[in-house]
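Down below is the structure, laid out as structure tokens.
Quick note: the coordinates plus some simple rules give every number you see, no bench work behind them. On a predicted model such as this, the values are computed, not experimentally measured, just so you know. Counting neighbours? That spans all protein chains shown, and the Cβs are built from the backbone with ideal geometry, glycine included.
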Amino acid sequence: MTKKMILDKSLEEWTKAYPLLKDLTSLKEVFWTNPKQTSFNDAMKKISLNEADVKDAEDRLDRFASYIAKVFPETQANNGIIESPNVRVPKMKTFLEEMYNQEIHGDLLLKCDSHLAISGSIKARGGIYEVLKHAEDLAMEHKLLSLNDDYSTLDSDEFRNFFSQYTVAVGSTGNLGLSIGIMSAKLGFKVFVHMSADAKQWKKDLLRSKGVTVVEYASDYSKAVEEGRKQSDADPKSYFVDDENSQNLFLGYAVAASRLKKQLDEMDVVVDKEHPLFVYLPCGVGGGPGGVAFGLKLVFKDNVHCFFAEPTHSPCMLIGMMTEEHDKVCVQDFGIDNVTVADGLAVGRASGFVGVTLENLLSGDFTVDDKTLFVLLSALADLEDVYLEPSALAGFRGAVDVFKTEAGKMYLKENQLEELMKNATHMAWGTGGSMVPKDEMDKYYQMGRTLSNQE
């Protein structure tokens, strides 16, 4: 019998070159640090995007704020700016320390993108931004809008009729589809959301209730994207939001960083050489966490350390970055099934664009078992009264792994951080959950309680 080859190498050859693959293919929780990480200044020499690009995205969101406040009343208190709270979670920190028998030096915060207005997840950043940019480009191209206009005029039959000639399409495991679908339909676009088998039924139902056409697939995320792109390409008036390669999505996410800086200032949280910031970002295809990490690096430079968190069954970014093959390999190549309760992270092939962009900026990546996600979900609900969907809990383990794993300890030592960790701030990025129906959330919670009792 011939051996299965992965890019001209057998699995044995890959595992010899990258021993961590043995644990990854055994579905064990791992912590990997990026050997290619360099200083911020050196890394930026290889990246075409910069601060001006992120500022342009921020300005565009400001221009749309009057429209957003008008059509989404839940954003009025924030004057049409879609932003999430940032909270301390000391009881959760104590729980993690006891669960893993490991002291966490420094503070633990939760960035509640789970509670972003409109679509209840981190995708309300990049997804909504990309739709708004496309709408602005079309309206300006047809001389219907200028930079000095009050954008609240977009809430009119004239604009809705104009946008109804055009289609927006996207492939999604769920949350990106929600943000693209809700925003595009509100503006008046025809919308197609191509959803993978792991997308939750309630997300499909919600989209359909907004007038969105949901196309379902029996296979995973990559197929939904491939088919969505194919259908969109056949229609000259259709615009495909490409989660794998979109710079616009990426820049929309990156805007989060300057806003976070203001929040941290208001909380008297210092980030500098003596006070490092560690951020743990759940990762699917990579656009959301990649854009946020890029923005954080622009703002905090070498004083922020960004780690991605992935399910043990879907470690696509870790494998892509570790092997440096990025989107040329997928988890299924290595016999990993890409089946996880963390639907937003159920991606088998990472974004090559994000992997290459962050090649020298990302500190590392770690994997989390589905059972762990449920246990953390019920603990956070009980202790802090915050309810997240399973995928959004993935980041919490990072605050433990940095201190507990050999790779984490080595990272602190090599970066001369050991003595500074008492001043550190750890931030788990809560990516989604506030729109999960109560009966669904109750099931998650009960699963977490059951698993906790079995520990």
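Details
- Per-peptide packing, taken as the mean over residues of other Cβ atoms within 10 Å, places 407-415, 294-302, 177-185, 222-230 in the sequence 177-185, 294-302, 222-230, 407-415 from highest down.
- For V191, distant residues with modelled amide H under 5 Å away: V168, T213
- Residues whose amide H lies under 5 Å from that of A309, counting only those 5 or more places away or on a different chain, are L281, C283, F366; hydrogens are built 1.01 Å from N in the peptide plane.
- The value of relative contact order for the chain, using C-alpha pairs under 8 Å at least six residues apart, is 21 percent.
- Measuring max minus min along each principal axis, the C-alpha atoms of the chain give extents of 62, 61, 49 Å (largest first).
- DSSP bridge orientation in the chain - percent antiparallel, rounded to nearest 5: 20 percent
- Share of Cα-Cα pairs in the stretch 279-383 lying beyond 16 Å, as whole percent: 55 percent
- For V30, residues with placed amide H under 5 Å, excluding near neighbours: T367
- The string of couplings for the stretch 216-227 from the Karplus curve (6.51, -1.76, 1.60, θ = phi - 60°) is 9, 10, 7, 9, 8, 3, 4, 5, 4, 5, 4, 5 Hz, one whole number per residue in order, with x for Gly and Pro.
- Cα-Cα over 23 Å, subset of K9/K328; K371/K438; K22/K45; K9/K46; K210/K438; K91/K301: K22/K45; K9/K46; K91/K301
- Our summary gives the stretch 296-351 a relative contact order of 36 percent, counting only alpha carbon pairs under 8 angstrom and 6 or more residues apart.
- Taking all Cα pairs closer than 8 Å and separated by 6 or more residues, the relative contact order of the stretch 122-245 comes to 26 percent.
- What the phi angles of the stretch 112-119 give under the Karplus curve with 6.51, -1.76 and 1.60, with θ = phi - 60°, is a coupling list of 8, 5, 4, 10, 5, 5, 6, 10 Hz, glycine and proline written as x.
- Cα-derived Rg to Rh of the stretch 122-245, Kirkwood definition: 0.98
- The order of the peptides 192-202, 41-51 by mean Cβ neighbours within 10 Å, most packed first, is 192-202, 41-51.
- Each part gets one Cα centre, and for the stretch 346-385 versus the stretch 213-261 those centres are 20 Å apart.
- Backbone phi angles across the stretch 185-202, fed through the Karplus curve with coefficients 6.51, -1.76 and 1.60 (θ = phi - 60°), yield HN-Hα couplings of 5, 4, 6, x, 5, 6, 10, 10, 10, 8, 10, 6, 4, 7, 5, 6, 4, 5 Hz in residue order; Gly and Pro are listed as x.
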